[in-house]
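Accompanying notes for the structure given below.
The values are calculated or read from the model by the stated rules, or taken from the named source; none is laboratory data. Just so you know, these numbers come straight off a predicted model, no measurement behind them. No Cβ is skipped: glycine too gets one built from the backbone with ideal geometry, and neighbour counts run over all protein chains shown. Calculation scope for accessible area: heavy atoms of the full protein, side chains included, ligands and nucleic acids excluded. Shrake-Rupley method; radii C 1.70, N 1.55, O 1.52, S 1.80 Å.
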Amino acid sequence: MLVDGKWMENWQPVQKVDEKGRFVRQVSSFRNWITPDGSAGPTGDGGFAAEAGRYRLYVALICPWASRTLIARRLKGLDALIPVTVVSPMLTDQGWQFGGYPGADEDPLLRTDYMHQIYTHADAHFTGRATVPVLWDMKQNVMVNNESADILRMFDTAFEELVPSDLRLYPAHLASDIDTLNAEVYDRLNNGVYKAGFAGSQEAYDEATDGVFATLDMLEDRLTGPYVFGDQLTETDIRIFVTLIRFDAAYHGLFKTNRRQISDYPRLSAYMARILSLPGVAQTVNMDHITRGYYSIKALNPTGIRPVGPAHILRLLDELA
């Protein structure tokens, strides 16, 4: 963790819990927005106009928050406009590291070794965890944003004049419904699996696990069409998918959310496969990085041994390769 720009301790997955042992996630601190004309977005400062080749996305393929930005980038056709740098999946004593693993990249901009050095370049006095995703402005050499929810929405609309698209992930007529369902899915499922895995008490674990499976049950009942809002693919589907695709491989065992697997839910399993088959989505899923990364968390798996499989996910990916 960085304190006033200095690396102070070995990386730990849990930096804060509440009085009942509940895992508390860090709030993102860089909240500028890319907009078509560079005007200020909903938060932060202006000056970040949509331009081809100006921005770089830093991600970890293990990370569901980073992966939802990768999926939006693919679905919106922004691959050629926004290059990507992938960190190593294994969490070191200094957090995310560049290079040193198949499919991981060296830092092409600042030639740093660790993601926390990107943060101190952006803010010499930064305090907090050096998380991904990070959206970097290569023109001004500053960090634009490190909040995946913001980046997902930027990718939906900011580059529309450069790469027109018929797909709208946050359509105006569904905005209120999307916000409502996003909040529930985030709290009880996306972050819920982490609250279960990093619980500091039995009470916190039981509460989190109940929320995870209540949400999965709700989604299974809701999915009467191809997506959670019927025929319209939205950002909510992406946010759900990134947790589903990791669930049986990591959360079910390592995070002890083992009441059921996604493979036990017929509609959710079909839904996950449907989204995985969308153009470009399978290329954002790297099960080697996912299992290598999660099972490298020493606090949860001190031996570092990782499981093989799960076979049904590997089979899906093989079919789409």
Matching residues, region 115-130, being without any contact (Cβ under 8 Å) to a residue 60 or more places away in the chain and either among the hydrophobic types (A, V, I, L, M, F, W, C) or within 22 Å of Gly293 (Cα to Cα) (or both): Met115, Gln117
Any hit, region 44-51, residues being within 17 Å of Gly293 (Cβ to Cβ), out of contact with any helix residue (DSSP H, G or I) (no Cβ under 7 Å at 6 or more places or on another chain), in a loop (DSSP other than H, G, I, E, B) and open to solvent by less than 40 Å² (accessible area, probe 1.4 Å): no
Selected residue (criterion: most open to solvent (accessible area, probe 1.4 Å)) from residues of region 268-296 that are closer than 19 Å to Tyr251 by Cβ and touching a Lys or Arg at 6+ places or on another chain (Cβ under 7 Å): Arg292
Residue satisfying condition, being touching a residue at least 60 places away in the same chain (Cβ under 8 Å), among the acidic types (Asp, Glu), over 22 Å from Arg306 (Cα atoms) and open to solvent by less than 50 Å² (accessible area, probe 1.4 Å), within set Glu235, Glu220: Glu235
Conditions (1) among the small types (Gly, Ala, Ser); (2) in contact with a Ser or Thr (Cβ under 9 Å, 6 or more places away or on another chain); (3) within 24 Å of Leu70 (Cβ to Cβ); (4) modelled with pLDDT of 95 or more: number failed by Gly280: (2)
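On the given criteria, is Gly128 of a type outside the set (S, T, N, Q) and either open to solvent by less than 20 Å² (accessible area, probe 1.4 Å) or within 19 Å of the chain's Cα centre (by Cα) (or both)?
When the stated conditions are applied, Gly128 passes them.
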Within region 169-185, tally of residues that are more than 28 Å from Gln261 (Cβ to Cβ) and either small (Gly, Ala, Ser) or free of Cβ contacts under 8 Å to residues at least 40 places away in the same chain (or both): 5
Options Ala40, Ala49, Ala80, Ala66: the member that is at pLDDT 95 or above, of a type outside the set (D, E, K, R) and under 21 Å from Tyr186 (Cβ atoms): Ala66
Filter pass, Asp179 being under 20 Å from Gly253 (Cβ atoms), at pLDDT 95 or above and out of contact with any helix residue (DSSP H, G or I) (no Cβ under 8 Å at 6 or more places or on another chain): no
Index of the failed condition, Met154 passing every other in (1) over 16 Å from Gly44 (Cβ atoms); (2) within 17 Å of the chain's Cα centre (by Cα): (1)
Near pairs, Cβ below 6 angstrom, 6+ apart or cross-chain, from region 186-211 (without any contact (Cβ under 8 Å) to a residue 60 or more places away in the chain and open to solvent by 70 Å² or more (accessible area, probe 1.4 Å)) to any residue that is charged (D, E, K, R) and in a loop (DSSP other than H, G, I, E, B): none
Residues of region 26-43 classified as small (Gly, Ala, Ser) and either closer than 22 Å to Val163 by Cα or not in a loop (DSSP other than H, G, I, E, B) (or both), total: 4
Count of residues meeting criterion [out of contact with any strand residue (DSSP E or B) (no Cβ under 7 Å at 6 or more places or on another chain), closer than 20 Å to Thr236 by Cα and of a type in the set (A, V, I, L, M)] in region 118-175: 7
Sole residue being under 18 Å from Ala270 (Cβ atoms) and small (Gly, Ala, Ser), chosen from Gly230, Gly192, Gly211, Gly197: Gly230
Residue list for region 82-103, filter: open to solvent by 20 Å² or more (accessible area, probe 1.4 Å) and not charged (D, E, K, R): Pro83, Val84, Met90, Leu91, Thr92, Gln94, Trp96, Gln97, Gly100, Tyr101, Pro102, Gly103
